[in-house]
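Okay, structure first, notes after.
The values are calculated or read from the model by the stated rules, or taken from the named source; none is laboratory data. Keep in mind the model is a prediction, meaning the values are calculated, not measured. Here the Cβ positions follow ideal geometry from the backbone for every residue, glycine too, while neighbour counts run over all protein chains shown. Just the protein is used for accessible areas: all its heavy atoms, side chains included, with ligands, DNA and RNA removed. Shrake-Rupley method; radii C 1.70, N 1.55, O 1.52, S 1.80 Å.
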Amino acid sequence: MEQYLDLLINLQGVDLQIENHSNDIANILKDKEKLQQEWLKYQQGLEQLKAACDEIQKKRRKSELDLEAKEAEVKKYKGQVLNVKTNREYQSLLHEIDQAKAAAEKIEEEILKLMETNDELQQQIKEQQQKLKAKQNQVEQQGKELQTCLEEHQQEKQTLQTQREKLTQGIKSNLMTGYEKLLKSKRGLALVLARDGVCQGCFIRIPPQTYEEIKKRDKIYNCPSCHRMLYTDNSPNTDQA
Ligand SMILES: [Zn+2]
């Protein structure tokens, strides 16, 4: 039985290490995801600027068509001036020409404004592209580091899992079942030290007679309160509790 106890204590040590690696792996994956999201944010920023720029160009093309139409109108009215018969008609045409000219001027101003906005956006796009490039370098660099770290943890975890399999082969299946059940329900420790008659898992005092039995190490006892498996200091792995 003592052999089982030592095997279980070793197994728990390995399981704790596996859990640590699993946590590290999960954190690294989160960091990688975060990095990817950061990069995506810059990428989206650039796309938004480009979309705004497209929108401005569309407006400009429309304004240019409007301007052409107004200029055509002015030309048409000017052509009609030669054929007017009355002063009233003449005045009316002049008024139409003035109005069309004013409208054309307004459109021209709009086009100028759109061109300015376009220039500003082009500048912002350039800046965003530089930022994105810098970010991309950072993401690649950090991504590589994270990947290396991830692979190290995965490899170590794999090695520990092989160790675990070997250990479990030496442990009776009913003990393994009990151990794994405890490990799940107790989140980490299935076996704990009983020191000076006290369970180090839940700190309840163990009945003296049971404690004496535990010390003999020829049967595995569970804590009457937290139900963890108990072992005493004379184990070679006391530092693991
Ligand atoms: Zn306990």
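If I model a spin label as a point 7 Å beyond the Cα along the Cα-Cβ vector, how far apart are those points for Asp31 and Lys126 in nm?
3.7 nm
Kirkwood hydrodynamic radius, the range 54-125, all distinct C-alpha pairs: what's the number in Å?
It works out to 13.7 Å.
Can you give me the solvent accessible area of Ser22 with a 1.4 Å probe, rounded to the nearest 10 Å²?
Surface accessible to solvent at Ser22 totals approximately 40 Å².
Can you list the lysines whose alpha carbon is less than 25 Å from that of Lys181, not counting same-chain residues fewer than 8 positions off?
Lys157, Lys166, Lys172, Lys215, Lys216, Lys219
Quote to one decimal, in nm, the extra length available between Lys101 and Gln57 on full extension: 0.36 nm per residue of separation minus the C-alpha distance between them.
13.5 nm
Can you grab the distance from the C-alpha centre of the range 127-169 to the C-alpha centre of the range 43-77, Å, no decimals?
49 Å
Against the longest principal axis of the chain, how steep is helix 173-185, in degrees 0 to 90 to the nearest 10, with axes from Cα atoms?
On a 0 to 90 degree scale, this one is about 50.
What does the accessible area per residue of the chain come to in Å², with a 1.4 Å probe and no ligands, DNA or RNA counted?
Numbers: 16010 Å² over 241 residues.
Solvent-accessible surface per residue comes out at 66 Å².
What dipole magnitude, in Debye to the nearest 20, does the chain give about its Cα centre under +1 on Lys/Arg Cβ and -1 on Asp/Glu Cβ? It would help to have the intermediate numbers written out before the result.
On the way: 39 positive and 40 negative charges, 122 e Å.
In total the dipole reaches around 580 debye.
On a 22 Å Cα-Cα criterion, which of the cross-link pairs Lys32/Lys186; Lys34/Lys126; Lys75/Lys113; Lys76/Lys101 come out too long? Let's see the in-between values first.
Working: Lys32/Lys186 30 Å; Lys34/Lys126 25 Å; Lys75/Lys113 25 Å; Lys76/Lys101 12 Å.
Check vs 22 Å cut-off fails for Lys32/Lys186; Lys34/Lys126; Lys75/Lys113.
How far, in nm, would the chain grow between Thr210 and Thr117 when pulled straight, counting 0.36 nm per residue and subtracting the alpha carbon separation? List each step's numbers first, then the result.
On the way: separation 93, 0.36 × 93 = 33.48 nm, distance 8.43 nm.
Roughly 25.1 nm would be gained on extension.
Ignoring ligands, DNA and RNA, what percent of the accessible area of the range 173-240 is carbon or sulfur (1.4 Å)?
Details: 1930 of 3950 Å².
Taking all protein chains in place, the range 173-240 shows 49 percent carbon and sulfur surface.
How far, in nm, would the chain grow between Ala134 and Ala72 when pulled straight, counting 0.36 nm per residue and subtracting the alpha carbon separation?
On the way: separation 62, 0.36 × 62 = 22.32 nm, distance 5.02 nm.
Length gained, Ala134 through Ala72: 17.3 nm.
Determine the share of the range 18-169's accessible area contributed by carbon and sulfur atoms, expressed in whole percent, with a 1.4 angstrom probe. Let's see the in-between values first.
On the way: 5370 of 11180 Å².
Heavy-atom surface of the range 18-169 belonging to carbon and sulfur, 1.4 Å probe: 48 percent.
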